[in-house]
Amino acid sequence: MAYKEFYDDFKSNALKPLYLFWGPETFLMDSMLAHAKKALIEEATEPFNYQVENTEQLSAEAMVEKMETLPFLSERRLIVFKNAGFFAKKAAFSPAGEAALKACFENPPLSTVAIFICGPKPDNRLKWSERLGKSGRVVSFDRLDAAEFNKWIAQRLKRSGIESDDRTRQFLVDRLAYLDYRAEVSLQEIDKHLEVLISLCSGKGPLTKAEILKVVPQNLEASSFKLVDAAVAQDLPKALAMVEFLRAEGESEVLLLGTLYKALTQLHLVRLMSDTGYSDADIAKRLSIHSYRAKLLAKQARSIDTTLLNDYIIEAARLDHWIKSGRANAWISLDTLLTAISVRRPLRPLNLTR
């Protein structure tokens, strides 16, 4: 179940007694928790009817007791159990406590809405998520896809009274780099940029590209990954054009080379794991990255000879030292390294002194 269906539950005043939240998008998760609290809890009775508990510090018996506590001057209570790791990893519950929790999941008190939060994906072999799902819902908070993210941006701007057209919003989406399959930027970080952007644009008419450039920095890590993508795909003109664009934007060549080195080392790690027999799913799990990202990385890594890839990493590190010591020109170094990757040429060694 996706978070949008949970949103429909409280909008229709049909919240279930049990929920399990899991997934990487904690910003969306917190937003849904705030909506649930607003829908269920009156400010005057909040101290009695709203609780946030750390599950790691509770026994199974204590969780059951808290779920069975009756509301005060209200129809329902809301209790949030954070760090509910027992959905993903076997917990050391007492036999009596485990039995009591199972019984509570099978027949939960309707006077309480209990939301359990588990960061990693639940392990279905443990059966806890299955038990909860019979009386409640398991809700995943995955990263948004392109359609969802574009809609989220449009709604966020509209709610704040900021007018924008499709073309300008697309520039904003590209600049934020959330949809890049290797991006690590979260919605929480993006919301902070939007807060500043909204403050800047308030009362000044439609959103403009110039205002976006003032507020939203170029995502160097995402840019470096795209540079590697272009070079590995042997699209040298695209890679060099991106370098020129970043140079014109005033980006730091030292930072760019550093993130380029990071992208190459990740590619090398994926290649080693793939050669060792790890599946794309295994790679995604062990590196804590999206499965789609792992699949593309593995495909890219297999297109380059391992020795060559190792040489590129060593050369990137050497160039970083040379640039910082003033022995090489950074932009020439970047162009040379990207050219070598694109044509699959060894780098031993380059004379890039000024």
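Numbers for the structure displayed
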{"quantity": "Selection from segment 120-164 of residues that are touching a residue at least 40 places away in the same chain (Cβ under 8 Å) and open to solvent by 50 Å² or more (accessible area, probe 1.4 Å)", "calculated": "PRO120, LYS121, ARG137, ASP142, ARG143, GLY161, GLU163"}
{"quantity": "Residues being at positive phi and of a type in the set (Asp, Glu) - total across segment 161-220", "calculated": "0"}
{"quantity": "Whichever residue in segment 64-87 is assigned to a loop (DSSP other than H, G, I, E, B) and at negative phi and, among such residues, is least open to solvent (accessible area, probe 1.4 Å)", "calculated": "ALA84"}
{"quantity": "Residue check, ALA281 crowded, with 17+ Cβ neighbours inside 10 Å, touching a residue at least 12 places away in the same chain (Cβ under 8 Å) and not β-branched (Val, Ile, Thr)", "calculated": "no"}
{"quantity": "Pair list, Cβ < 9 Å and 6+ apart or interchain, from segment 185-200 residues that are closer than 13 Å to PRO24 by Cα to residues that are open to solvent by 60 Å² or more (accessible area, probe 1.4 Å) and assigned to a helix (DSSP H, G or I)", "calculated": "SER186/THR26; LEU187/THR26; GLN188/THR26; GLN188/ASP30"}
{"quantity": "Number of the condition not met by ARG143 [criteria: (1) under 23 Å from TYR3 (Cα atoms); (2) in a helix (DSSP H, G or I)]", "calculated": "(2)"}
{"quantity": "Search result, residues across segment 145-169 that are of a type in the set (Gly, Ala, Ser), closer than 21 Å to VAL185 by Cβ and modelled with pLDDT of 90 or more", "calculated": "ALA154, SER160, SER164"}
{"quantity": "Any hit, segment 296-306, residues being open to solvent by 40 Å² or more (accessible area, probe 1.4 Å), in contact with a helix residue (DSSP H, G or I) (Cβ under 7 Å, 6 or more places away or on another chain), free of Cβ contacts under 8 Å to residues at least 40 places away in the same chain and not β-branched (Val, Ile, Thr)", "calculated": "yes"}
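The values are calculated or read from the model by the stated rules, or taken from the named source; none is laboratory data. What you see is a predicted model; the values in this text were computed from it and never measured. With ideal geometry, Cβ positions are generated from the backbone for all residues, glycine too; neighbour counts draw on all protein chains shown. Just the protein is used for accessible areas: all its heavy atoms, side chains included, with ligands, DNA and RNA removed. Shrake-Rupley method; radii C 1.70, N 1.55, O 1.52, S 1.80 Å.
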